[in-house]
1. Just the residues that are assigned to a strand (DSSP E or B) and touching a Gly at 6+ places or on another chain (Cβ under 7 Å), please, taken from the range 228-266.
2. What number of residues in the range 93-107 are in a loop (DSSP other than H, G, I, E, B) and within 26 Å of Gln12 (Cβ to Cβ)?
3. Filtering the range 25-58 down to residues that are assigned to a helix (DSSP H, G or I), in contact with a helix residue (DSSP H, G or I) (Cβ under 8 Å, 6 or more places away or on another chain) and not small (Gly, Ala, Ser), which residue is most open to solvent (accessible area, probe 1.4 Å)?
4. If you check Arg262 against the conditions, is it in contact with a helix residue (DSSP H, G or I) (Cβ under 6 Å, 6 or more places away or on another chain) and touching a residue at least 24 places away in the same chain (Cβ under 8 Å)?
5. Among the residues of the range 259-291, which ones are under 30 Å from Pro181 (Cα atoms) and open to solvent by less than 20 Å² (accessible area, probe 1.4 Å)?
6. Go through the range 163-180 and report how many residues are part of a loop (DSSP other than H, G, I, E, B) and surrounded by 18 or more Cβ atoms within 10 Å (Cβ to Cβ).
7. Say whether the condition of being without any contact (Cβ under 8 Å) to a residue 24 or more places away in the chain, closer than 30 Å to Ala221 by Cβ and either among the polar types (S, T, N, Q) or open to solvent by 20 Å² or more (accessible area, probe 1.4 Å) (or both) is met by at least one residue in the range 81-104.
Amino acid sequence: MDRLKAMQTFVQIAEQGSLTKAADALESSLPAVVRSLAALEAHLGVRLFHRTTRRISLTEEGRQYLQSAREVLAAADAADRALSQEAAEPAGQLTVTAPVLFGHMYVAPAIVRFLKRYDRMRCSVLLHDRTVNLLEEGVDVGIRISPLEDSSLVAQQLGTIRRVAVASPDYLRTHGTPRHPRELLDANCVRVHPGAPVHFRDNGRTFAVAARGNLEFNHIAPAVEACAAGMGFGFFFSYQVLPLVGAGRLRIVLEDFELAPRPVSLIYPHARLLPARTRAFIEWMKNEFEGLRL
């Protein structure tokens, strides 16, 4: 059994979620993929996947082995690339994830510039407003607006983003500009996560305000537009409202009570043995977002 080839097959099955799709990605036949997986499982003495007629999913042993297999393949890849031009000219597939609006406004344009510079690269960009599990979902690099909680990941901070309270100038003229977050209890607030309190800080102490209103959304963009139309106060990341603030349609209020800015970080599964393409992308994004303060 060619163990490196068997590992490559296993990783492709895990990332593609299908034996057939893995065979296509490897430009191999389905029987060859099945034989390779069976040989690897026999060699390891464990089952790596749960298999039914409808779906295939990793076992607990498979999830543990996936990270090790990726490290081994990355090491082999790095050794090969060190002796080839690709060490200087990255090539291959990269999968990146980011929050939807931040990805649209900032990450996607940076990736376009990256691909124009490295035309042998291919990027798949996944925009989600949920926490993506990089290892389980086959993602190489993520951009996250929050402190890193998963100790199995590596984070490099790109900058910081504020959480701000905003309202339209018309609304503030009619209802007044609040001097303290307590005044939000008597105001109309446009909510994106109904029921969740809004947090502020005063004299080093964090406290919550149960802001309420008559309009709720499950997406950011219409909530921002509703605030700009004079429906009330809204609470957003600064980058989500900066265009409308710059255009004079929204004003930031209660700045003295904002929480500490949140870090914007590049996250990835491995601190070492990264493929050249991943290292090049990380350095590119660090340069693109150097000194980011929003």
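The values are calculated or read from the model by the stated rules, or taken from the named source; none is laboratory data. From a predicted model like this one, the values you see are computed outputs, not experimental measurements. All Cβ positions, even for glycine, are placed from backbone atoms using ideal geometry, and neighbour counts span all protein chains on display. Quick note on the areas: whole protein, heavy atoms, side chains included, nothing else; ligands and nucleic acids left out. Shrake-Rupley method; radii C 1.70, N 1.55, O 1.52, S 1.80 Å.
1. So in the range 228-266, the residues assigned to a strand (DSSP E or B) come out as 233-237, 251-253, 262-266.
Answer for the range 228-266, where residues must be assigned to a strand (DSSP E or B) and touching a Gly at 6+ places or on another chain (Cβ under 7 Å): just Val264.
2. So the answer is 0.
3. Here is the first cut: in the range 25-58, the ones assigned to a helix (DSSP H, G or I) are 25, 30-44.
Checking the rest, the ones that are also in contact with a helix residue (DSSP H, G or I) (Cβ under 8 Å, 6 or more places away or on another chain) come to 25, 30, 32-34, 36-37, 39-40, 43-44.
Keeping just the survivors that are not small (Gly, Ala, Ser) gives 30, 33-34, 37, 40, 43-44.
Working: Leu30: 74, Val33: 2, Val34: 69, Leu37: 8, Leu40: 2, His43: 100, Leu44: 61 Å².
Here the answer is His43.
4. It is false that Arg262 is in contact with a helix residue (DSSP H, G or I) (Cβ under 6 Å, 6 or more places away or on another chain) and touching a residue at least 24 places away in the same chain (Cβ under 8 Å).
5. Val264, Ser265
6. In the first step, residues of the range 163-180 are kept if they are part of a loop (DSSP other than H, G, I, E, B); the result is 168, 176-180.
Filter again for surrounded by 18 or more Cβ atoms within 10 Å (Cβ to Cβ), leaving 168, 178.
Summing the residues that are part of a loop (DSSP other than H, G, I, E, B) and surrounded by 18 or more Cβ atoms within 10 Å (Cβ to Cβ) in the range 163-180 gives 2.
7. yes
To keep it simple, each residue is scored yes or no on (1) without any contact (Cβ under 8 Å) to a residue 12 or more places away in the chain; (2) within 25 Å of His104 (Cα to Cα); (3) touching a helix residue (DSSP H, G or I) at 6+ places or on another chain (Cβ under 7 Å).
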site: Pro194; (1), (2), (3): no, yes, no
site: His199; (1), (2), (3): no, no, no
site: Thr206; (1), (2), (3): no, no, no
site: Val209; (1), (2), (3): no, no, yes
site: Gly213; (1), (2), (3): no, no, no
site: Glu216; (1), (2), (3): no, yes, no
site: His219; (1), (2), (3): no, yes, no
site: Phe236; (1), (2), (3): no, yes, yes
